[in-house]
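To start, the structure under review is shown below, and the notes come after it.
A short reminder: the numbers here are calculations on the coordinates, not readings from a lab. Just so we're clear, the structure is a prediction, and the values are computed from it rather than from any experiment. Neighbour counts are summed over all protein chains in view; Cβ atoms, including those assigned to glycine, are modelled from backbone coordinates with ideal geometry.
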């Protein structure tokens, strides 16, 4: 049960009665931090390590792990989901290290590992599968990296130029607000008051995210409005949105020469009036520079 905090480049180990050992090597912590009260990995004599790894947010660049105290890892019983032992925070080098309770001679095979961010997002996964535990009385630590998606809502906005329409409606903006956990979304289209949504028309929304190589579509939304309006809403669910993260660039069309996504000849987003007559009698939903993408941003809780 005795604990030791270790400096960069050091090795530490714990050996049980059967002669098996566990070892830990620290990386990335300079000698200058030793004894300075920093959060350092430990070697625990008399305890078995269950898991170690890193935790990332899905929108962070590779190598940007969560630092000390930004998340926690803990063991759960597979039988009832209860917490077993301590809650282990992330350390200064970005790692987490989870230990079985001191003196547990036979950890067995069925455990869950849960990580929780300081903002509340969490993920649970199986640590040892029943069919894969070849040494039931001893475990080498399982290396595991968690990538947890942002739990708040996301959005993108397209500002459409004024008076660029060839049909009765002049769209001035489109906002897509969505939940990346569920894929549920709301699209709000705004039109200029002098050229509102009115009469018979169709709304087609097609969006391509090249970073995720995923395509969103909400097409053939037909309206017949006797009372003009400057705001229109579409709602629904789309699986592709569950892959999108902050910072992704999303295109509303490929009419200006962008690579065709997923084998499509062309795609665009527009409000077109009947009779349909591409590229007339419509308003293409895009920035003034049609090659400019919208950018996914955080929209709030």
Provide 185, 237 in ascending order of the number of other Cβ atoms located within 10 Å of each residue's Cβ, fewest first. 237, 185
Which of 218, 289 has the fewest other C-beta atoms within 10 Å, and how do the rest follow up to the most? 289, 218
Principal axes first, then extents: for the Cα atoms of the range 155-276, list largest minus smallest coordinate on each axis, whole Å, largest first. 39, 31, 23
